[in-house]
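Accompanying notes for the structure given below.
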Amino acid sequence: LCAAQEPNVSYQELKNLKKANVLHIDVRERWEIDRFGKIPESINIPLGELMEALQMDPTDFKQQYNQKMPSKSDPVVFSCLAGTRSKQALGFAMSLGFS
């Protein structure tokens, strides 16, 4: 799990962050979600779609992912299976100006 201020977030820290209304984006592929299960209260945006998703019109984002699009200052946590893709996702988001 990755977040900009703390590159590695533990499971307990994530649970605490979710109480503070943090957007949790799971960047695993859809087949992984089907096979291993969805993380409660997360949205799935596969890593290959993330750059495009984070640049969408907010209305299109809401329609596509059934979630309000995060602003560049909203707290966001990325997760994947082993941590590699979530670190890439963090890099993508930061390159687009997300803090």
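If the condition is being touching a strand residue (DSSP E or B) at 6+ places or on another chain (Cβ under 6 Å) and at pLDDT 80 or above, then region 1-42 contributes Val22, Leu23, His24, Ile25, Asp26, Val27, Ile33, Ile39, Ser42. Scan region 27-48 and give yes if some residue there is over 12 Å from the mean Cα position of the chain (by Cα) and under 21 Å from Ser95 (Cβ atoms), otherwise no. Taking every residue of region 27-48 in turn, at least one turns out to be over 12 Å from the mean Cα position of the chain (by Cα) and under 21 Å from Ser95 (Cβ atoms).
Are any residues in region 18-50 over 19 Å from Met69 (Cβ atoms) and assigned to a helix (DSSP H, G or I), and if so, which ones?
So in region 18-50, the residues over 19 Å from Met69 (Cβ atoms) come out as 19, 28-40.
If the condition is that a residue be over 19 Å from Met69 (Cβ atoms) and assigned to a helix (DSSP H, G or I), then Lys19, Arg30, Trp31, Glu32, Ile33, Asp34, Arg35, Phe36 are the ones that fit.
When Asn8 is tested against (1) over 10 Å from the mean Cα position of the chain (by Cα); (2) assigned to a helix (DSSP H, G or I), only condition (2) is not met.
Which one of these is in contact (Cβ under 8 Å) with a residue 24 or more places away in the chain, hydrophobic (A, V, I, L, M, F, W, C) and more than 19 Å from Leu17 (Cβ to Cβ): Phe98, Phe92, Phe78, Phe61? Give the steps one after another, and end with the answer.
Numbers: Phe98 fails: more than 19 Å from Leu17 (Cβ to Cβ); Phe78 fails: more than 19 Å from Leu17 (Cβ to Cβ); Phe61 fails: in contact (Cβ under 8 Å) with a residue 24 or more places away in the chain.
Sole residue among the options that is in contact (Cβ under 8 Å) with a residue 24 or more places away in the chain, hydrophobic (A, V, I, L, M, F, W, C) and more than 19 Å from Leu17 (Cβ to Cβ): Phe92.
The residues of region 51-89 that are over 17 Å from Ser10 (Cα atoms), open to solvent by 20 Å² or more (accessible area, probe 1.4 Å) and assigned to a loop (DSSP other than H, G, I, E, B), listed by number, are Gln55, Met56, Asp57, Asn66, Gln67, Lys68, Met69, Ser71, Lys72, Ser73, Asp74. Return the pair list, or none, for Cβ contacts closer than 6 Å from residues in region 26-49 that are over 15 Å from Gly83 (Cα atoms) to residues that are open to solvent by 50 Å² or more (accessible area, probe 1.4 Å) and not in a helix (DSSP H, G or I), at least 6 apart or on different chains. Close Cβ pairs (under 6 Å, with a partner that is open to solvent by 50 Å² or more (accessible area, probe 1.4 Å) and not in a helix (DSSP H, G or I)) amount to Ile43/Gln67.
The values are calculated or read from the model by the stated rules, or taken from the named source; none is laboratory data. Only a predicted model underlies this, so the values are computations on that prediction, with no experimental measurement involved. Backbone-built Cβ (ideal geometry, glycine too); neighbour counts: all protein chains shown. For the accessible areas, the whole protein counts, side chains as well, though only heavy atoms, and no ligand, DNA or RNA atoms are used. Shrake-Rupley method; radii C 1.70, N 1.55, O 1.52, S 1.80 Å.
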